[in-house]
Amino acid sequence: METLNVEKKNLYNPVISEILKVESLTATEKRFEIALPKSAMLNHKPGQFVEVSIFGFGEAPISICSSPTRTPTFELTVRKTGRLTDKMHELKAGNALGIRGPFGNGFDIEKFKGKDILYVAGGIGLAPLKSLIDYTIDKRNDFKRIIILYGTKNPAEILFPKEIEEWKKRSDIEFYITVDRPDDKWKGNVGVITTLIPPLELDVENTIVSVVGPPIMYKFVIMSLKGKRIPDENIYLSLERRMKCGVGKCGHCQINGSYVCQEGPVYHYPRCKELEEAI
């Protein structure tokens, strides 16, 4: 089966791909299942992104939210935030999109094998992290504990409700969720996502942590992880912000000489500390 490769022609040229399914997740987020032409595979790594384009409306980087184990199609979760994403939310199954990629540096899966995995996802940060969550579930025997922490502003913003129900039912996954502002029907934990960390009993030397969420969340999550004595070298963060071209040409995503679209979006926390302004 043919695979896309950013070293070849699609580095700059979008590949016309078909939307197979569109699912509304919240008032502002939709999930798109996409098929490349001629049954090609994206051949991505968890944590990478693609450039999505619509003729006449522009192009934007969007993280892949499905695992490479679930091919040949792939999924994107898109928040309605501007000209291109507004247009994407109008599209339906059968419509076409331009796809370039995959781009960037994903999670170093080999370093996760044989370890306990702690996922910390805030808001739409669950979308790119879901790619890695799905991968570890599909390759369950390669990993030890799987712990998922997820926080949103309110219950109406919770993503992937079907998957969350499946995670809750599994005996080999520990899932915890919290909201900042509950509604009348909410029966779960209330508070920011860092409130879920202190009660955890962790094998700190054997636990790898993957964190994805809004930038303001990172500093406080890192503080909480340090309170649990998680070593810096066991922490990975996604800095999926400010990206634009995907190929290190525009400089829009540069942080102290590091191009997020190439060296990132997934960074080892010790590298983030070197960049200083990263978090």
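The values are calculated or read from the model by the stated rules, or taken from the named source; none is laboratory data. Bear in mind the structure is a predicted one, so any value in this text is a computation, not a measurement. Methodologically, a virtual Cβ is constructed for each residue, glycine included, from the backbone with ideal geometry; neighbour enumeration extends over all protein chains shown.
Assorted remarks:
- Residues of region 123-144 satisfying the condition of being touching a helix residue (DSSP H, G or I) at 6+ places or on another chain (Cβ under 9 Å) and either farther than 16 Å from V78 by Cβ or surrounded by fewer than 23 Cβ atoms within 10 Å (Cβ to Cβ) (or both): G123, L132, I133, D134, Y135, T136, I137, K139, D142, F143, K144
- Some residue of region 211-225 being of a type in the set (S, T, Y), within 21 Å of G264 (Cα to Cα) and in contact (Cβ under 8 Å) with a residue 12 or more places away in the chain: yes
- Region 158-188: number of residues that are buried (at least 18 other Cβ atoms within 10 Å of the Cβ) and touching a residue at least 60 places away in the same chain (Cβ under 8 Å): 3
- Among the numbered conditions (1) more than 23 Å from P265 (Cα to Cα); (2) out of contact with any Phe, Trp or Tyr (no Cβ under 8 Å at 6 or more places or on another chain); (3) assigned by TED's automatic domain parsing to the domain that holds T28, the only one that K87 does not meet is (2).
- Only strands (runs of 3 or more DSSP E) whose full extent lies in region 63-182 are considered here, and the ones with at least 2 residues that are of a type in the set (D, E, K, R) are 74-79.
- Enumeration of residues in region 90-122 that are surrounded by 20 or more Cβ atoms within 10 Å (Cβ to Cβ), in the same structural domain as M41 (by TED's automatic domain parsing) and farther than 23 Å from E263 by Cβ: L97
- Among the candidates Y135, Y119, the residue that is within 17 Å of L225 (Cβ to Cβ) and among the hydroxyl-bearing types (S, T, Y) is uniquely Y119.
- Conditions (1) within 29 Å of T195 (Cβ to Cβ); (2) under 17 Å from the mean Cα position of the chain (by Cα); number of the one not met by Q262: (1)
- Flag for G246 being at pLDDT below 95, farther than 27 Å from I137 by Cβ and in contact with a Gly (Cβ under 8 Å, 6 or more places away or on another chain): yes
- Across region 152-178, the number of residues qualifying as of a type outside the set (D, E, K, R), within 20 Å of Y135 (Cβ to Cβ) and within 19 Å of the chain's Cα centre (by Cα) comes to 6.
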